[in-house]
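In what follows, a single structure is set out as structure tokens and then discussed.
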Amino acid sequence: MRKLVMSFAAIALVFAAAASGRQAATFKYCTDPTFPPMEYALTSGKIVGFDVDMAVKLAGSWGDTASPSKTAFPGLIPALNAKRCSAVISGIFVTPDRKKQAGVVPYMRTHRVLIVRAGNPKGIHSPNQLKDKTVAVQAGTKYEEYLKALKAKIGFTLQSYPGDTDAVAQVLLGRADAVLTQDTSFAYQTKQHPGKITIGFTFAASDQFGIYYRKGDAATVGMQISDGIAQLKSNGTLVKIATKYKIPVTTVK
């Protein structure tokens, strides 16, 4: 009887797919899994995180499956426009220069922070107090661009690393006095290293993470992503995923 029920279910899926006029496809997205809890790789190599869970639900909202394509952060938008993926989902900011290169759908608001050692021994309570300090950052990011400009004004040693976790590790090891990253990263890192780090300064202005797609796909992929994110927000899916990764739920409402 169970086999019979399963057979009927399988037949129903076939007829449903035929009725829709399309077959389920793979939604391939480019991501750099070095920014926990948004996306990171386990020792097995499997990519996990908020963005990964969101991508699965997003693709499912229009009947597809999601598949991440590991891509170095500086190459995310170039890979998208070279058609190596259909979208970029990688904890990447919505910025004017990137909007010139691709379309984008925002999905989360966050704040930049300066992470320092517990107790803030160097007394870093503002960006200007980075003067003569050593600061770590993930390479190829807007954080790095900001710090390079600030370094030219006030002077400090800037260290750039392939991943956000690599940068935070320098503070933990005492090789850097601060790291510029996001509050979502701090939420993850403080859970991994309880009592060892704290936030020295939170930037007042908020940032937005966005999903990028090719401008030529605005009426297809872009519309699917926009409608899908709206659905995931309205039905509470993004709140559930944020809760799972200890991210403030207000960021996705």
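Remarks
- Inter-residue pairs, beta-carbon under 8 Å, first modelled with pLDDT under 95 and in the stretch 118-136, second open to solvent by less than 30 Å² (accessible area, probe 1.4 Å), 6+ apart: none
- Strands (runs of 3 or more DSSP E) fully within the stretch 114-182 counting 2 or more residues that are touching a strand residue (DSSP E or B) at 6+ places or on another chain (Cβ under 7 Å) and surrounded by 19 or more Cβ atoms within 10 Å (Cβ to Cβ): 134-138, 178-182
- Selection count, the stretch 26-50, where residues are small (Gly, Ala, Ser) and either in contact (Cβ under 8 Å) with a residue 40 or more places away in the chain or touching a Pro at 6+ places or on another chain (Cβ under 9 Å) (or both): 2
- Cross-chain or 6+ apart pairs with Cβ under 8 Å, the stretch 51-76 first and of a type outside the set (A, V, I, L, M), then in a loop (DSSP other than H, G, I, E, B) and open to solvent by 40 Å² or more (accessible area, probe 1.4 Å): 63/22; 63/24; 64/24; 64/25; 65/24; 65/25; 69/84; 71/84
- Test: residue 188 is buried (at least 22 other Cβ atoms within 10 Å of the Cβ) and over 19 Å from residue 115 (Cα atoms): no
The values are calculated or read from the model by the stated rules, or taken from the named source; none is laboratory data. This one's a predicted model, so the numbers in the text were calculated from it and none came from an experiment. With ideal geometry, Cβ positions are generated from the backbone for all residues, glycine too; neighbour counts draw on all protein chains shown. Only protein heavy atoms, including side chains, enter the accessible area calculation; ligands, DNA and RNA are left aside. Shrake-Rupley method; radii C 1.70, N 1.55, O 1.52, S 1.80 Å.
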